[in-house]
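Below is one structure; the comments refer to it alone.
The values are calculated or read from the model by the stated rules, or taken from the named source; none is laboratory data. Being a predicted model, the structure only gives us computed values, none of them experimental. Because the Cβ atoms are built from the backbone with ideal geometry, glycine has one as well, and the counts that use them run over all protein chains shown. The area values use the complete protein model at the heavy-atom level, side chains included, leaving out ligands, DNA and RNA. Shrake-Rupley method; radii C 1.70, N 1.55, O 1.52, S 1.80 Å.
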Amino acid sequence: MTSLEEQSSPDRLAGIDPAFVFDYVPYDDVLPREDPASTDAVLGVSAPEDPDALGPGRRWTTWYDVEPLCRGPEPRPAWVVTSQGAIDTELGVLKTGKEADAFLLERADPHDPGQQCILVAKRYRSAEHRTFHRSATYTEGRGTKRSRDQRALDRKSTWGRVVATAEWATAEWDALVRCRQLGLPVPYPVQVEGTEILMEWIRVEGADGPETAPRLAQTRPSPGLLASYFEQLREAMHTMTQAGWVHGDLSAYNLLAADDRLVIIDLPQMIDLVGHPTGPDLLLRDCTNVCRWFEARGLAVDPQDLFADLMAHAF
Ligand SMILES: Nc1ncnc2c1ncn2[C@@H]1O[C@H](COP(=O)(O)OP(=O)(O)O)[C@@H](O)[C@H]1O
Ligand SMILES: [Mg+2]
């Protein structure tokens, strides 16, 4: 192979209109990777190119493996680690679920103490390992861009199952990005790659340092905080319905209580309020699920009132 210098030497360019000559910098190489030798010294590994070389539960950051659209929206929070020398380390399982499992992952650059964050990795399971209880109801109104994928889904082929898994990750990714852009309290979506979403870890300060924020269902807030949580939720639901969206699986299990702030999670099934055949039904169900919890904790709220109020301002 000829080197870049040879290829662009004056001889080779003779006779070519200068308008067609430009300096070429491969996109992926704009930022050079850390010097492998120095990384070796720190980590005691021999071949950084080998994915196994970092040892089990570790990998090079996947930030540069994905296209810009698979990274979170601007403004990007300062804590998001973008160093090319960063290493992802599995910290353990947060929760296993029916369709997906949530893990904690550290992304950190061993050479730069400022580049360290803990993320939640939500990984969708392949169809064989899951009960697909929410599929049909939600996907009805959803079009698939690539017809080959749609045919595969219809045939339920192996490829179809892979597409279906990644589709749930893509659907949740799109929902997180949309909600974030609407200013809703959702975890910042860091990146999506195939069946894996990396997002902000919603945490609270515990006795021994930061810990995962509890689900609202696990908490017993004071009357004041309870009322504030409901107000935050009502406002978020307003913003969502005004934008034409319904969470579709809202409950005290998919809300995290981050001290005095409520954060909405678990959005793969977010659907179109008007375009989806059961949009209003799902909105009413969301209202019922959340109101029931607040009522049980002593706040006088009514699902029908909430639903009517949301629908009245939706259009
Ligand atoms: N961004 C996050 N920050 C903190 N905890 C999270 C986050 N995302 C998920 N979790 C935890 O993982 C659990 C499962 O995530 P969820 O998105 O609800 O998936 P599913 O219910 O489909 O398994 C949540 O109940 C919550 O405890
Ligand atoms: Mg959930």
### Summary
Listed by first then second residue, the pairs whose first member lies in region 77-94 and is polar (S, T, N, Q) and at pLDDT 95 or above, whose partner is in a strand (DSSP E or B) and surrounded by 15 or more Cβ atoms within 10 Å (Cβ to Cβ), with beta carbons under 6 Å and at least 6 positions apart or on separate chains, are Ser83/Asp109; Ser83/Gln115; Thr89/Arg58; Thr89/Glu106
#### Entry: Every residue from region 294-315 that is assigned to a helix (DSSP H, G or I) and in contact with a Ser or Thr (Cβ under 7 Å, 6 or more places away or on another chain)
Pro303, Leu310
### Query
Do we find that Asp249 is of a type outside the set (Val, Ile, Thr), within 10 Å of ligand 1 (Cβ to nearest atom) and touching a His at 6+ places or on another chain (Cβ under 9 Å) in this structure?
no
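Okay, residues lined up against (1) within 11 Å of ligand 1 (Cβ to nearest atom); (2) assigned to a helix (DSSP H, G or I); (3) modelled with pLDDT under 95:
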{"site": "Trp173", "(1), (2), (3)": "no, yes, no"}
{"site": "Leu176", "(1), (2), (3)": "yes, yes, no"}
{"site": "Arg180", "(1), (2), (3)": "no, yes, no"}
{"site": "Leu184", "(1), (2), (3)": "no, no, no"}
{"site": "Val204", "(1), (2), (3)": "yes, no, no"}
### Message
Looking only at region 95-117, count every residue that is more than 18 Å from Val192 (Cβ to Cβ) and surrounded by 14 or more Cβ atoms within 10 Å (Cβ to Cβ) and tell me the total.
### Response
7
## Note on the structure
Restricting attention to region 246-258, the residues that are without any contact (Cβ under 8 Å) to a residue 60 or more places away in the chain and either assigned to a loop (DSSP other than H, G, I, E, B) or within 11 Å of ligand 2 (Cβ to nearest atom) (or both) number exactly 8
#### Entry: region 179-223, residues that are open to solvent by 70 Å² or more (accessible area, probe 1.4 Å) and within 16 Å of ligand 2 (Cβ to nearest atom)
Arg215, Gln218
### Task
Could you list, in sequence order, all residues of region 259-281 that are within 16 Å of ligand 2 (Cβ to nearest atom) and closer than 20 Å to Gln232 by Cα?
Leu262, Val263, Ile264, Ile265, Asp266, Leu267, Met270
### Summary
Inside region 267-282, the number of residues satisfying the requirement of being touching a residue at least 40 places away in the same chain (Cβ under 8 Å), touching a helix residue (DSSP H, G or I) at 6+ places or on another chain (Cβ under 8 Å) and open to solvent by 30 Å² or more (accessible area, probe 1.4 Å) is 2
